[in-house]
Amino acid sequence: MSPNNANLAARLAKQIEASGSISVADFMQAANQAYYAKGDPLGVNGDFITAPEISQMFGELIGLWLTDIWMRAGCPEDCKYVELGPGRGTLAADAMRSMQQFNFAPEVLFVETSEALREMQAQAVANATFLDTVDDIPYDAPLLIVANEFFDALPVRQLVSTHSGWRERVVVRDRGTKFMATPGMTAMDEIVPSEFRNAPSPSIYETCPAASSIMYELAGRIAANGGAMLIADYGYTLPGIGSTLQAVRAHEYADPFENPGMHDLTAHVNFVELANLARMRDLRVSGPVEQGSWLKALGIDARTQALSASRPEQADELAAGRDRLVEATGMGSLFKILAISHAEWPDPEGFAVNQSLG
């Protein structure tokens, strides 16, 4: 059984007292494991809401995007749908509904570790198969992979510049089971890109080894057997300096180092790194583009009109959902869409040259 949140804080405090500081990455990993094990964090009554929960149109358009590239690739019969961290299963259910209109019903694989979320996902998509890690994904078939707000929850290492050089940022006890971040003792100058090494103290540079490892592995699967991967997340398109680590609880920002396991810890995704790893596997990289531009290119406005015509009583709700997904005041600019695809597969839709941010 996963530790409850009070026990996690006490356990981390004892670990630090006994063995010394732990890295920000280890703290983030432990906190998120406990957080996602405790139940459903999504929705109005939860801590945050994701795009599939805002409107069915998000998942439907992803389903159409996947169907389009699959059809233009020759409709490979053994193609599999893989989703990383599928939340409640809402996106997959909406995507499957779109796919089935074109007689496309791929095997569904969910990479998920939370038993509580697995139960909800099984209700949303009854025939889904659950996998513990990306290493369990089959090697022998084309893959259509979706990662919506998955990479942002992976643990980041933070390196901080000091008057004595770059050090890894670590977590220590503040008081009792309260925690704080401080520079560690080990020199990390060689890990920091040369363009940032002279940044003034206390600049922070972030890296996410877990994201890099997962991306390189999945890109290798696509390179070997065909397919495409769609990533939707918030992040940056140029490398930079600064901490992006944040905590959210009840739709409000919180201190990331207080009450570990009680709130969701995330950090901005480095789309440049993900794209470069795909290129190392000789894959096509499309984007990243802003989510709002991508959804408009796929026809969200027409879909909003069609749904509003068939459900006039929901027209205001549908319009509000569309605006939250598309407009800069919502998720439209902060969130980005990146696609990678096999070099012999067709160009994916929604990534016009003049849209590209990277």
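The values are calculated or read from the model by the stated rules, or taken from the named source; none is laboratory data. Predicted model only: the values in this text are computed from it and were never measured. Please note: Cβ atoms are built from the backbone with ideal geometry, for glycine as well, and neighbour counts cover all protein chains shown. With ligands, DNA and RNA removed, areas are computed over all heavy atoms of the protein, side chains included. Shrake-Rupley method; radii C 1.70, N 1.55, O 1.52, S 1.80 Å.
Return yes when D323 is more than 23 Å from T67 (Cα to Cα) and crowded, with 17+ Cβ neighbours inside 10 Å and no when it is not. Full working, then the answer.
Details: more than 23 Å from T67 (Cα to Cα): yes; crowded, with 17+ Cβ neighbours inside 10 Å: yes.
Against the criterion (more than 23 Å from T67 (Cα to Cα) and crowded, with 17+ Cβ neighbours inside 10 Å), D323 qualifies.
Identify, please: which residue in the stretch 75-86 is open to solvent by 20 Å² or more (accessible area, probe 1.4 Å) and assigned to a loop (DSSP other than H, G, I, E, B) and is, among those, farthest from D136 (Cα to Cα)?
Looking only at the stretch 75-86, we keep the residues that are open to solvent by 20 Å² or more (accessible area, probe 1.4 Å), and these are 75-78, 80, 85.
Okay, now just the ones that are also assigned to a loop (DSSP other than H, G, I, E, B), so 75-78, 85.
Values: C75: 24, P76: 21, E77: 21, D78: 17, G85: 14 Å.
Checking each candidate, the answer is C75.
With the requirement that a residue be in a helix (DSSP H, G or I) and surrounded by fewer than 19 Cβ atoms within 10 Å (Cβ to Cβ), what does the stretch 297-312 give you? Outline the logic, then answer.
Filtering the stretch 297-312 down to residues in a helix (DSSP H, G or I) leaves 297-298, 300-310, 312.
Within the stretch 297-312, A297, D301, A302, Q305, A306, S308, A309, S310, P312 qualify.
Assess whether E217 counts as being touching a residue at least 40 places away in the same chain (Cβ under 8 Å) and touching a strand residue (DSSP E or B) at 6+ places or on another chain (Cβ under 8 Å).
Details: touching a residue at least 40 places away in the same chain (Cβ under 8 Å): yes; touching a strand residue (DSSP E or B) at 6+ places or on another chain (Cβ under 8 Å): no.
Judged against the criteria, E217 is not a match.
Please go through the stretch 226-282 and pick out each residue that is at positive phi and part of a loop (DSSP other than H, G, I, E, B).
G226, G242, A250, H251, N259, G261, D282
Only one residue in R72, R97 is charged (D, E, K, R), open to solvent by 60 Å² or more (accessible area, probe 1.4 Å) and under 20 Å from A224 (Cα atoms), so which one is that? Spell out how you get there, then give the answer.
On the way: R97 fails: under 20 Å from A224 (Cα atoms).
From the options R72, R97, the qualifying one is R72.
Please work out if A122 is more than 21 Å from H342 (Cβ to Cβ), part of a loop (DSSP other than H, G, I, E, B) and open to solvent by 30 Å² or more (accessible area, probe 1.4 Å). Steps first, please.
Values: more than 21 Å from H342 (Cβ to Cβ): yes; part of a loop (DSSP other than H, G, I, E, B): no; open to solvent by 30 Å² or more (accessible area, probe 1.4 Å): yes.
Answer is no for this residue.
Please specify each residue of the stretch 215-239 satisfying the condition of being closer than 16 Å to R157 by Cα and open to solvent by 30 Å² or more (accessible area, probe 1.4 Å).
Of all residues in the stretch 215-239, those closer than 16 Å to R157 by Cα come to 235, 239.
Result: P239, single match.
I need a count of the residues in the stretch 156-177 that are of a type outside the set (A, V, I, L, M), part of a loop (DSSP other than H, G, I, E, B) and either surrounded by 23 or more Cβ atoms within 10 Å (Cβ to Cβ) or out of contact with any helix residue (DSSP H, G or I) (no Cβ under 8 Å at 6 or more places or on another chain) (or both). Break it down into steps so the answer makes sense when it comes.
Restricting attention to the stretch 156-177, the residues satisfying the condition of being of a type outside the set (A, V, I, L, M) are 157-158, 161-169, 173-177.
Add one more test, that the residue is part of a loop (DSSP other than H, G, I, E, B), and what stays is 163-164, 174-177.
If we keep only those that are either surrounded by 23 or more Cβ atoms within 10 Å (Cβ to Cβ) or out of contact with any helix residue (DSSP H, G or I) (no Cβ under 8 Å at 6 or more places or on another chain) (or both) too, we end up with 163-164, 174-175.
Final tally of qualifying residues: 4.
Which ones in the stretch 56-69 are polar (S, T, N, Q) and open to solvent by less than 10 Å² (accessible area, probe 1.4 Å)? Full working, then the answer.
Restricting attention to the stretch 56-69, the residues satisfying the condition of being polar (S, T, N, Q) are 56, 67.
Result: T67, single match.
What number goes with the only condition from (1) in contact with a strand residue (DSSP E or B) (Cβ under 8 Å, 6 or more places away or on another chain); (2) buried (at least 18 other Cβ atoms within 10 Å of the Cβ) that D189 does not pass?
Result: D189 fails condition (2) only.
One residue is enough: does the stretch 132-147 have a residue meeting the conditions open to solvent by less than 30 Å² (accessible area, probe 1.4 Å), under 26 Å from A254 (Cα atoms) and in contact (Cβ under 8 Å) with a residue 12 or more places away in the chain?
Within the stretch 132-147, one or more residues are open to solvent by less than 30 Å² (accessible area, probe 1.4 Å), under 26 Å from A254 (Cα atoms) and in contact (Cβ under 8 Å) with a residue 12 or more places away in the chain.
Check off (1) farther than 30 Å from F27 by Cα; (2) out of contact with any Leu (no Cβ under 6 Å at 6 or more places or on another chain); (3) at pLDDT 95 or above for V353 and give me the number that stays unchecked.
(3)
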